[in-house]
């Protein structure tokens, strides 16, 4: 009688030909990247998995099967977006010239205290080719439902622009249910905006998932906050796969990208769920941008 070998473990879901998508990366211009790293090192010494060398980060992203990267600059104060968006666009142009194996997507950014937030958004889109918007309420100390952002939300709805928004009032990056409630008001007023709650609103993940449930335009990314990953069960991942995006926060993360990818692909999930979270959802949103 032939010996039947032990069953092999389930095969890891392979990335598609164009790769997975990391929708939350901060490949900032070198001088700014160095200043940001000084802040992290002062408060969280030794916790980050990467240096600020962009090529080392890109090598690791590629090794993890990533083919498309959303690069998210963020304005922490008024006046920053004026120089940050063009500087990031120039930085990405230099990286693209060296890395033809990766698709680098630029996001614009702005602050409600800017003289002309809508003008900044339009220039990011039309002059610099941005295809997403990053808003960071925590480091910028503003509310997601600030009335001065109304024209911005309207433009995002018109152009189906994905908005990655970090809710919260504390520069540690944590969010509270009250912060998620601000996003609820935005989604109610502007249901056409593809809104992506960064870090799944960690630690207010339950409130974020309730928001995703109530609003078809609301999404969430699974980006860790340094070493803390948003807590979603397998049932949550199955239920909301078409509204969840993969993100790593490279290079300001305590986890290597491959570890985060393996964490998803090793779970007991259908392939269609894994492929949606690791790229399908992000590519669908980007394809709708006008």
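Looking only at residues that are in contact with a helix residue (DSSP H, G or I) (Cβ under 8 Å, 6 or more places away or on another chain), assigned to a loop (DSSP other than H, G, I, E, B) and at pLDDT below 95 in the range 84-110, which one is farthest from residue 285 (Cα to Cα)? Among those residues, the one meeting the criterion is 99. Within the range 216-234, none of the residues are at negative phi, crowded, with 24+ Cβ neighbours inside 10 Å and assigned to a helix (DSSP H, G or I).
Of the helices (runs of 4 or more DSSP H) lying entirely inside the range 111-215, those carrying at least 3 residues that are free of Cβ contacts under 8 Å to residues at least 40 places away in the same chain, within 25 Å of residue 84 (Cβ to Cβ) and in contact with a strand residue (DSSP E or B) (Cβ under 9 Å, 6 or more places away or on another chain) are 117-126. Checked against the criterion of being over 28 Å from residue 274 (Cβ atoms) and crowded, with 21+ Cβ neighbours inside 10 Å, the candidates 45, 73, 54 yield just one match: 73. Could you list all residues from the range 269-283 that are touching a residue at least 40 places away in the same chain (Cβ under 8 Å) and either outside any helix (DSSP H, G or I) or surrounded by fewer than 22 Cβ atoms within 10 Å (Cβ to Cβ) (or both)? Once the filter is applied, which keeps residues that are touching a residue at least 40 places away in the same chain (Cβ under 8 Å) and either outside any helix (DSSP H, G or I) or surrounded by fewer than 22 Cβ atoms within 10 Å (Cβ to Cβ) (or both), the range 269-283 yields 271, 275, 283. Screening residue 248 against (1) more than 13 Å from the chain's Cα centre (by Cα); (2) under 18 Å from residue 48 (Cβ atoms) leaves a single unmet condition, (1). Scanning the range 227-246 for residues that are farther than 15 Å from residue 273 by Cα and in contact with a helix residue (DSSP H, G or I) (Cβ under 8 Å, 6 or more places away or on another chain) gives 229, 230, 231.
Among residues of the range 236-267 being assigned to a loop (DSSP other than H, G, I, E, B) and free of Cβ contacts under 8 Å to residues at least 40 places away in the same chain, the one that is surrounded by the most Cβ atoms within 10 Å (Cβ to Cβ) is 240.
The values are calculated or read from the model by the stated rules, or taken from the named source; none is laboratory data. From a predicted model like this one, the values you see are computed outputs, not experimental measurements. Ideal geometry is used to build each Cβ from the backbone, glycine not excepted, and the neighbour counts take in all protein chains shown.
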